[in-house]
Amino acid sequence: MVAIGPTPAVFGMTPGAMRGWSWQISQLANGVLESERTLAPFDGGYIGSITADRSALHQVSTATGWGLMLLPAVDSGAVFVEGRRLVVGDAVFMPQACDLELLSHDVGRIYLIAFRSPVAGSRPRLSRPCWYARADRSSNLTEDVSAWLAAVSKDRVDSSRTHALQSRVLAWIHSAGDEPAQYEFGDHALPRRRMAVERVRRFIHDHLAESMTLADLCHHAHLQARSLEYGFRDLVGLSPFKYIKMLRLAEVRRRLQSSGAVERSVSEVALDCGFSHLSQFAADYKRAFLESPSATVRADRCRAGRVGRYDAVPSAADAR
């Protein structure tokens, strides 16, 4: 799992800017997850992109006083938000103090605009993410963000052009607050199979360390086993039990990379995360991350010993 956002080791933020939002990635495909993070200052907030080079679960949270606008890049693989595919021309608005999950297939690239919330014209009554299908205007916003980040990455920022881009992006955010969203998540109708998969995913997340049978999953899905399998492969790209295993492995990895890992053995962490056959766990872990659990602990201790200084304003190079 790669933490993106609130820690100074990622974006080089000062402590006062660290609590705006968090972004965590759990890989859903074997191999070494490579993520690219770009972030640049933007009118009191930030504009950036998150890229994961393989299928992944993204868990995004906003803190009090911050909002996020999320848009898929033109060259991104499929991105699903609560069962619905997010395509170019769509945008998701996250108000302050809320959570959201995204599923990205293959290489997933998502643009983000982080801003102080509420902005002028926004609707403070919103407490859940909202979906905007705004056709040409959202497509233009995606192009603006892409051009801006490309200029930042090459250190070719033209002040007059940057000001024009800022003005357009801010106008879009303000207008999104003024106009009703297409829907708030939870209020829209999804195909029955996708609704069932989302129910099961929530059940899995709530009971990740517990033993689960196919009958348990079908009971919560109100689907037959074959339909549940097809639904998972369509939405997640994995079978239900492969999804459970990858989430458990990601949770073990997150705990082994945490500062408290020295206090627990690898076996204890694995058992806490739902693994009962430790030899099979070790083999699955190495297959997923191309290193043993003990190697993860050693590598993290080495990284902890090399923590350096972080600049208050991230450059494009520092943000990657």
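One table, with the values for the structure above:
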| quantity | calculated |
| --- | --- |
| Qualifying residue in region 217-229 (condition: in contact with an Asp or Glu (Cβ under 8 Å, 6 or more places away or on another chain) and either touching a residue at least 60 places away in the same chain (Cβ under 8 Å) or under 22 Å from PHE80 (Cα atoms) (or both)) | no |
| SER211 vs. criteria at pLDDT 90 or above and either surrounded by 15 or more Cβ atoms within 10 Å (Cβ to Cβ) or outside any helix (DSSP H, G or I) (or both) | yes |
| Members of region 34-78 found to be polar (S, T, N, Q), modelled with pLDDT of 90 or more and in a strand (DSSP E or B), listed by number | SER35, SER49, THR51, GLN59, SER61, THR62 |
| Qualifying residues in region 111-138 (those that are at pLDDT below 65 and among the aliphatic types (A, V, I, L, M)) - the one nearest to ASP90 (Cα to Cα) | ALA135 |
| Residue within region 48-62 that is over 15 Å from the mean Cα position of the chain (by Cα) and not assigned by TED's automatic domain parsing to the domain that holds GLU291 present | no |
| Selection within region 139-171 - in contact with a helix residue (DSSP H, G or I) (Cβ under 9 Å, 6 or more places away or on another chain), at pLDDT 80 or above and not hydrophobic (A, V, I, L, M, F, W, C) | ASP144 |
| Region 79-103: number of residues that are touching a residue at least 24 places away in the same chain (Cβ under 8 Å) and either assigned to a loop (DSSP other than H, G, I, E, B) or in contact with a Gly (Cβ under 9 Å, 6 or more places away or on another chain) (or both) | 12 |
| Of the criteria (1) at pLDDT 95 or above; (2) under 18 Å from LEU71 (Cα atoms), which one HIS174 fails | (1) |
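The values are calculated or read from the model by the stated rules, or taken from the named source; none is laboratory data. Keep in mind it's a predicted model, so treat the numbers as computed, not measured. Every residue, glycine among them, receives a Cβ derived from its backbone with ideal geometry; neighbour counts consider all protein chains shown.
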